[in-house]
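Let me begin by presenting the structure, written as structure tokens, before commenting on it.
The values are calculated or read from the model by the stated rules, or taken from the named source; none is laboratory data. Because the structure is a prediction, the values reported are computed rather than measured. Cβ sites come from the backbone with ideal geometry, for glycine too, and all protein chains shown count toward neighbours.
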Amino acid sequence: MSSETSSAGAGERDHLLRQRALKVVPGGMTGHLNAAQLPAGYPQYFARGQGCRVWDVDGREYIDFMCSWGPNLLGHAHPQVDEAARRQQALGDCLNGPTERFVELAERFVARTAHADWALFQKNGTDATTICLMVARAATGKRKVLVATKAYHGADPWCTPVPVGITAEDRAHLIYYTYNDTASLDAAVAKAGDDLAAIVCAAFKHDLGVDQELPTAAFARHARQLCDKAGAALIVDEVRAGMRVHAGGSWETVGVRPDLCAWSKSIANGYALAAVTGVDSLRDAATRIYATGSFWSGGVAMAASLATLDVADAQDVVGHVQAMGQRLRDGIAAQAASHGMPVRQTGPAALPLILFEDDPAFEKGSAFTVEALRRGVYLHPRHNMFLSLAHTEADIDQALEATDAAFAAVSRRYGSR
């Protein structure tokens, strides 16, 4: 779908910006923020955000259930976070070396993360997942890395979901398994032989457009045992789930601790930051790898992250987003039943996914989210969504008024059962 096609129903200013972008940006936009990948009518460009709401460039207001695809854990423009960032900006951001915030934040991550003895900082989730692989390979001297089929771990050549512009050699040492399937994990480990560096697991299965799966305790324990036996590193990718499932790490819910975790998105409430946390036995390897970025030690994002952690811990953000997600989930389930439009809701309540039954091409899901969008609620037809601390019961209930009308419209179009 072209940007021009997908802008049908979007506002005039949004449409004009898309036309301008097509002249100076390949395709007008790339990556997961591209509204051309969404149903017609979704805005591409936004003017501002406040709390759990965003406004597009044509002035339309939406209750936001994407939270910038995850980063806004506390809500847009959180005053405590933004004030901390402003204070640090007045002192300096990108300097000849890190600010004090660097050490403070590393100490904070080690103190609050169950498995962690040290931390490194980057800017994007892809940075963090890639550094995890580098540390594992440096520590073990081995090459093979196990990843789940269709799992998303970023956009580098080793893991991009769209393998255009990469070579087979970029993935020569990846071996695939099925999430939550211990037999497939055993087969992948056997295929790696004595060359296994790491097993990479998402915090939960969140592949695009399919039912989400929480990790089973049996699967997580088995992955831990296989790594221990082989001397390999167990890596959990927390980029999407981090700080919404468990404050100390998502796999605390199944009683398993990894050797390395990759973090980003929510850790600085919208400021660009990523982190890798690791166990002491991998400290030397983390010291020996070479990975750097001119902006990785920027003080502003780190100050924002410290403030984010302050608020998240003081106000039990995990409990809140789970409760608000469950309120939304319960309301959607009741509406789906009322309108005879069965849906599946899977994964953590704080990261909701809504998929319609008998909807292989996502036509019902697309119609539903467009109808909700017209009524001021921003949902996604096949990607998991995100709750924030800024979502209140009143916001959820207002959103449910819109989704009830959206269900009614979809039922009229497709019929109920």
note = Note on region 214-231: residues out of contact with any Cys (no Cβ under 8 Å at 6 or more places or on another chain), of a type in the set (A, V, I, L, M) and part of a helix (DSSP H, G or I) are Ala217, Ala218, Leu226, Ala230
ask   = Looking at this structure, is Thr308 within 23 Å of the chain's Cα centre (by Cα) and buried (at least 22 other Cβ atoms within 10 Å of the Cβ)?
value = yes
key: For Met66: the one exception among (1) closer than 14 Å to Tyr378 by Cβ; (2) buried (at least 22 other Cβ atoms within 10 Å of the Cβ)   = (2)
inquiry  = For region 232-245, check the following and say yes or no: at least one residue is surrounded by fewer than 18 Cβ atoms within 10 Å (Cβ to Cβ) and either basic (Lys, Arg) or not in a strand (DSSP E or B) (or both).
reply    = no
request  = Go through (1) surrounded by 21 or more Cβ atoms within 10 Å (Cβ to Cβ); (2) at pLDDT 95 or above; (3) under 19 Å from Glu371 (Cβ atoms) one by one and return the number of the condition Glu61 breaks.
outcome  = (1)
request  = Of all residues in region 334-392, count the ones that are among the polar types (S, T, N, Q) and crowded, with 22+ Cβ neighbours inside 10 Å.
outcome  = 3
key: Given (1) surrounded by fewer than 19 Cβ atoms within 10 Å (Cβ to Cβ); (2) under 17 Å from Trp69 (Cα atoms); (3) not polar (S, T, N, Q), index of the condition Leu273 fails   = (1)
